[in-house]
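Notes follow the structure.
The values are calculated or read from the model by the stated rules, or taken from the named source; none is laboratory data. Note that the coordinates shown come from a computational prediction; the quantities given were computed from them, not determined experimentally. Cβ sites come from the backbone with ideal geometry, for glycine too, and all protein chains shown count toward neighbours.
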Amino acid sequence: MNLLIAPTYRRNIAKGLLCGLLGGIAGSVAKIAGELVYDPRNQGQTPPPVVLERRIAGHPMTHAQEQAGMQVIHFIFGAGTGALYGVVAEFAPIVTAGYGSAFGFVLQFFTHESLVPLAGLDVPPWKQPAREHASEFFTHVLYGVATEVVRRYLRKKIA
């Protein structure tokens, strides 16, 4: 597929949004599975979603509540970014480069390498262990590829 021009099917925001959203959910599952294999925080670091949910809750939570909340945050964020990605892919197929791996890499850079630390949800990148960087890179690329595989499959089915 030529990444500089739109696919042959008619561009449609609603279809792009739906396919991207479902792709983002699948990507979230892939990212979570990847983190089970290659844990980014094996030195006792608190995951950024847990920091966020503690701020939102304003009170202590059980470990089970923190884990459940962390997955909810991952799925909401993954579905939302997937939906946005699906819409953009309708009009700028270049975002699908590398079968979604470029999207995953860019997302990782703008979240874990910049916005997450700026929001105070994690330490600055230069204070993060190398394993955390590597795992976040790997699992975000995995998220991007899974998102694109599902988005592309569904988009062709409902063309």
Fill in: Test: residue 95 is without any contact (Cβ under 8 Å) to a residue 12 or more places away in the chain, more than 26 Å from residue 130 (Cα to Cα) and assigned to a helix (DSSP H, G or I)
yes
Item to complete: Output yes when any residue across the stretch 60-74 is farther than 30 Å from residue 154 by Cβ, outside any helix (DSSP H, G or I) and among the acidic types (Asp, Glu), and no when none is.
Response: no
Practice prompt. Please give the number of the condition residue 153 fails out of (1) surrounded by 15 or more Cβ atoms within 10 Å (Cβ to Cβ); (2) in a helix (DSSP H, G or I); (3) not aliphatic (A, V, I, L, M).
Written response: (1)
Discussion item. Suppose we keep only residues that are modelled with pLDDT under 95 and of a type in the set (Asp, Glu) within the stretch 127-150. Which one would you say is surrounded by the fewest Cβ atoms within 10 Å (Cβ to Cβ)?
Written reply: 132
Discussion item. Here is a list: 78, 100. Which entry is at positive phi, at pLDDT 95 or above and part of a helix (DSSP H, G or I)?
Written reply: 100
Worksheet item: Out of 30, 14, 26, 57, which single residue is more than 17 Å from residue 101 (Cα to Cα) and at pLDDT 95 or above?
Response: 14
Worksheet item: Taking the stretch 18-77 as the search range and keeping residues that are farther than 26 Å from residue 146 by Cα and basic (Lys, Arg), which one is surrounded by the most Cβ atoms within 10 Å (Cβ to Cβ)?
Response: 54
Discussion item. Within the stretch 118-131, does at least one residue satisfy the condition of being touching a helix residue (DSSP H, G or I) at 6+ places or on another chain (Cβ under 8 Å), part of a helix (DSSP H, G or I), under 24 Å from residue 43 (Cβ atoms) and not β-branched (Val, Ile, Thr)?
Written reply: yes
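Confirm whether residue 108 is in contact (Cβ under 8 Å) with a residue 24 or more places away in the chain, in a helix (DSSP H, G or I), surrounded by 14 or more Cβ atoms within 10 Å (Cβ to Cβ) and of a type in the set (S, T, N, Q).
Against the criterion (in contact (Cβ under 8 Å) with a residue 24 or more places away in the chain, in a helix (DSSP H, G or I), surrounded by 14 or more Cβ atoms within 10 Å (Cβ to Cβ) and of a type in the set (S, T, N, Q)), residue 108 qualifies.
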